[in-house]
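J.: Have a look at the structure that comes next, please.
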Amino acid sequence: MQYHEIGKTGMKVSSLSFGASSLGGVFHDLKEKEGIQAVFTAIEAGMNFIDVSPYYGHYKAETVLGKALKDIPRDRYYLSTKVGRYGKDGVNMWDYSAKRATESVYESMERLNIDFIDLINVHDVEFADLNQVVNETLPALVELREKGVVGHVGITDLQLENLKWVIDHSPSGTIESVLSFCHYCLCDDKLADFLDYFELKGIGVINASPLSMGLLSERGVPAWHPAPKPLVDACRKAMEHCKAKNYPIEKLAMQFSVSNPKVATTLFSTTNPENVKKNIAFIEEPVDWELVREVQDIIGDQKRVSWANS
């Protein structure tokens, strides 16, 4: 396992990290004990960064993760969670007010059984009034940082342009990291266009969803996946090409996503301990760059085709 610092935070994190969204039953039905064991397996294998959100499973992911964290020494991991997106009884809710953001931090700590959050993020800023994020949400989190309740402050979004806008309109030093998903993977590497900008600003980069929410998998996309059909079809052809070469597309996708040293870490999510072990084994092998080129040629004009967040 390799380790990279997230920007200038001092947090040296594993190149592959544990995304806890699956602990909320977001993608599949959750076997809680198995999910907790997946967390243990990740930590034992050298992953030291865990990302979660109150939104995942409408608080369930934080609750289940909290059960796991009770049995893990606090110095074994960095913990990242979020404010702004919530939900209850299957209904999504958004609230980016300073008051709710502050309350949410303390509520998350209680669910997670911790008394300090290493990284707190404004979740999916595209759903907010970006001016409110700059003038209200982020100042509330900075105040918590100054009080020592949280260590560092970041923002997340699918739309990279929004991340840049918020950074450009915030005081220097406010934002220490960005988290983007589905934009540094085999079918979409748009994040690469922004890496020099983030580095210039001293901001760390966290990548998520190396399989592009199932596009880059032999299982294929779930019914709810928002990708347009031509992209789904192109990725399916790429998967079949890899399969014919006895090189699972999941393996190639994982290797590609952790290959850029300007990306501090890549998050993947699973409740299966064996998947944790498998993905770690994948990234310990060198990437086949010729196969990367072949896959991207197959994806062709569907490369960098994106979709609206939901």
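J.: Within segment 3-14, can you find the residues that are in contact with a Phe, Trp or Tyr (Cβ under 7 Å, 6 or more places away or on another chain) and either at pLDDT below 95 or not charged (D, E, K, R) (or both)? Lay out the reasoning, then the answer.
T.: Filtering segment 3-14 down to residues in contact with a Phe, Trp or Tyr (Cβ under 7 Å, 6 or more places away or on another chain) leaves 11-14.
If the condition is that a residue be in contact with a Phe, Trp or Tyr (Cβ under 7 Å, 6 or more places away or on another chain) and either at pLDDT below 95 or not charged (D, E, K, R) (or both), then M11, V13, S14 are the ones that fit.
J.: Residue check: is S108 assigned to a helix (DSSP H, G or I), closer than 30 Å to K33 by Cα, touching a residue at least 12 places away in the same chain (Cβ under 8 Å) and within 18 Å of the chain's Cα centre (by Cα)? Talk me through it step by step, then tell me what you get.
T.: Numbers: assigned to a helix (DSSP H, G or I): yes; closer than 30 Å to K33 by Cα: yes; touching a residue at least 12 places away in the same chain (Cβ under 8 Å): yes; within 18 Å of the chain's Cα centre (by Cα): yes.
Taking the combined requirement at face value, the residue satisfies it.
J.: Which one of these does W224 not meet: (1) assigned to a loop (DSSP other than H, G, I, E, B); (2) touching a residue at least 12 places away in the same chain (Cβ under 8 Å)?
T.: For W224, the failing item is (2).
J.: While we're here: Which strands (runs of 3 or more DSSP E) does segment 22-98 wholly contain that include 2 or more residues that are open to solvent by 10 Å² or more (accessible area, probe 1.4 Å)?
T.: Numbers: elements: 49-51, 78-83, 85-88, 91-94.
Fully inside segment 22-98 and qualifying: 91-94.
J.: So, in segment 169-184, of the ones that are among the polar types (S, T, N, Q) and surrounded by 22 or more Cβ atoms within 10 Å (Cβ to Cβ), which residue ends up nearest to the chain's Cα centre (by Cα)? Break it down into steps so the answer makes sense when it comes.
T.: Filtering segment 169-184 down to residues among the polar types (S, T, N, Q) leaves 170, 172, 174, 177, 180.
Cutting the leftovers down to surrounded by 22 or more Cβ atoms within 10 Å (Cβ to Cβ) gives us 177, 180.
Values: S177: 12, S180: 7 Å.
Top of the filtered list is S180.
J.: Just wondering, is there one or more residues in segment 111-129 that are acidic (D, E), within 15 Å of I175 (Cα to Cα) and surrounded by fewer than 23 Cβ atoms within 10 Å (Cβ to Cβ)? Explain how you work it out, then say what you get.
T.: Of segment 111-129, the ones acidic (D, E) are 115, 118, 124, 126, 129.
Cutting the leftovers down to within 15 Å of I175 (Cα to Cα) gives us 118, 124.
Adding the requirement that they be surrounded by fewer than 23 Cβ atoms within 10 Å (Cβ to Cβ) leaves 118.
Checked against the condition, which is being acidic (D, E), within 15 Å of I175 (Cα to Cα) and surrounded by fewer than 23 Cβ atoms within 10 Å (Cβ to Cβ), segment 111-129 yields at least one hit.
Conditions tested, residue by residue: (1) under 17 Å from the mean Cα position of the chain (by Cα); (2) open to solvent by 10 Å² or more (accessible area, probe 1.4 Å).
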position: L160; (1), (2): yes, no
position: G204; (1), (2): yes, no
position: G214; (1), (2): yes, yes
position: P230; (1), (2): no, yes
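J.: Can you tell which of K262, K164, K251, K201 is touching a helix residue (DSSP H, G or I) at 6+ places or on another chain (Cβ under 7 Å), closer than 20 Å to A281 by Cβ and of a type in the set (K, R)? It would help to see each step written out before you state the result.
T.: Working: K262 fails: closer than 20 Å to A281 by Cβ; K164 fails: closer than 20 Å to A281 by Cβ; K201 fails: closer than 20 Å to A281 by Cβ.
Sole residue among the options that is touching a helix residue (DSSP H, G or I) at 6+ places or on another chain (Cβ under 7 Å), closer than 20 Å to A281 by Cβ and of a type in the set (K, R): K251.
J.: Got a number for residues in segment 185-194 being open to solvent by 10 Å² or more (accessible area, probe 1.4 Å) and within 18 Å of the chain's Cα centre (by Cα)? Show your work before the answer.
T.: To start, the set of residues in segment 185-194 that are open to solvent by 10 Å² or more (accessible area, probe 1.4 Å) comprises 189-190, 192-194.
If we keep only those that are within 18 Å of the chain's Cα centre (by Cα) too, we end up with 189-190, 192, 194.
So the count comes out to 4.
The values are calculated or read from the model by the stated rules, or taken from the named source; none is laboratory data. Quick caveat: nothing in here was measured; it's all calculated off a predicted structure. In this analysis, Cβ positions are derived from the backbone assuming ideal geometry, glycine residues included, and neighbour counts consider all displayed protein chains. Each accessible area value is taken on the protein alone, full model and side chains, heavy atoms only, with ligands, DNA and RNA left out. Shrake-Rupley method; radii C 1.70, N 1.55, O 1.52, S 1.80 Å.
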